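Quick notes on the structure that follows.
Any read-out appearing in this document is the output of simple, stated calculations on the displayed coordinates, not a laboratory observation. Model, not experiment: these values are computed from the prediction. Cβ coordinates were reconstructed from backbone atoms using ideal geometry, including for glycine residues, and neighbour counts include every protein chain displayed.
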Amino acid sequence: MSSLKRKGDAAAAAAASKKTKMNGSITSFFRAPKTTAATGGQGASANTAASVNPASSFDKAKWVATLTAEQKQYLTLEINTMDPSWLALLKDDIVKPEFIALKKFIESDVHSGQNVFPPSEDVYSWSRHTPFHTVKCVILGQDPYHNHNQAHGLCFSVRPPTPAPPSLKNMYKALQKDYPTFVPPPKNGGLLTPWAERGVLMLNTCLTVRAHAANSHQKRGWEALTQKVIDLVAQKRTRGVVFLAWGKPAGDRVAKVDGQRHLVLKSVHPSPLSASRGFFDCGHFRKANEWLLSRYGEDGEIDWNLNPDGAPTTSAAKKEKNEETGKSEAEGDVKNKGEEKSEVLEKESENDENSE
């Protein structure tokens, strides 16, 4: 990955950091957010692991026309903010009575004055940052962060200026063991959108939570939807995907994933309560890239670098950086030689003048 691309990622991250809002009204979970639109995967980086975009044959307007008035009322968020590549695959699941019941439950929470995280426009941000046909790796989380200015729809990730939480800091430590040149983001940052845009699906098992009440939206319907997301990736991403499952709940979610087609890596959770029991030395980030390299070649690897000035972690990016460095050094040598030649000519000219 070139330095220009890395700076582009940093700029995108900075722009994303400005979008966080506190969701404080009942309508926010059922009306289209003003600042968010589904992208259809536009802008996602192309890679050799990509497949056909499911949205290419999906007529959303035609599908919406088949919905009942109640379904349209409670599915407005999904219709307007879920990436079409995912909506095309999940459309039959979100019209089920169980999912509508989940949306009614969230409505009752908000109606009673509860804050629900992440902000409504971010509930499906995982789908927009990582359209289905770009998925190469899946990292599974559990509950969204439940304090203000934390959750934004990608597991483990937080927007600036919120500092990286303890579990994410431990992920950085594991990364540094796999890639000694890895440098955490500036200012103790924790924004993981660059990973998502490089093909890492950052998926929580439960997609919403009541403020300051961990697990408050568990067993209400999210688990069925996110399990379907995992199953779809396992079934339809036939060239193979890496699943990173940390902790027993995440491990249970991938229990039926075909280990011949995909790579399933399990470990204890990176939480400070368990990380010392094997997470730091699990080697998952390097193992993921080694497997992706064997399946897809250099373009299949994930660049885990999150620092605009940090060293890339993929073979192709390292090669490109080395070539850029070599080119810069060569240009410097040419410049130096030119300067040396000019100095010689100047001295000769001075000698000629002195001899007169």
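Using the beta-carbon distance between residue 277 and residue 69 and R0 = 45 Å, what value does 1/(1 + (r/R0)^6) give for FRET efficiency, to the nearest 0.05?
Calculated value: 0.30.
Give the peptides 107-113, 268-274, 240-246 in descending order of average Cβ contacts within 10 Å, highest first.
On the way: 107-113: 13.9, 268-274: 16.9, 240-246: 23.9.
For the peptides 107-113, 268-274, 240-246, the packing ranking is 240-246, 268-274, 107-113.
Using the structure shown, select from 173/228; 60/169; 287/319; 177/219 the pairs with a Cα to Cα distance greater than 29 angstrom.
Numbers: 173/228 31 Å; 60/169 40 Å; 287/319 19 Å; 177/219 36 Å.
Long pairs (Cα-Cα over 29 Å): 173/228; 60/169; 177/219.
So which trypsin sites (Lys or Arg not before Pro) in the range 197-270 pass both tests, a DSSP loop state and at most 12 other Cβ atoms within 10 Å of the Cβ?
On the way: sites: 198, 210, 219, 220, 228, 236, 237, 239, 253, 256, 261, 266; in loops: 198, 219, 220, 237, 239, 256, 261.
Here the sparse-neighbourhood loop sites are 219, 256.
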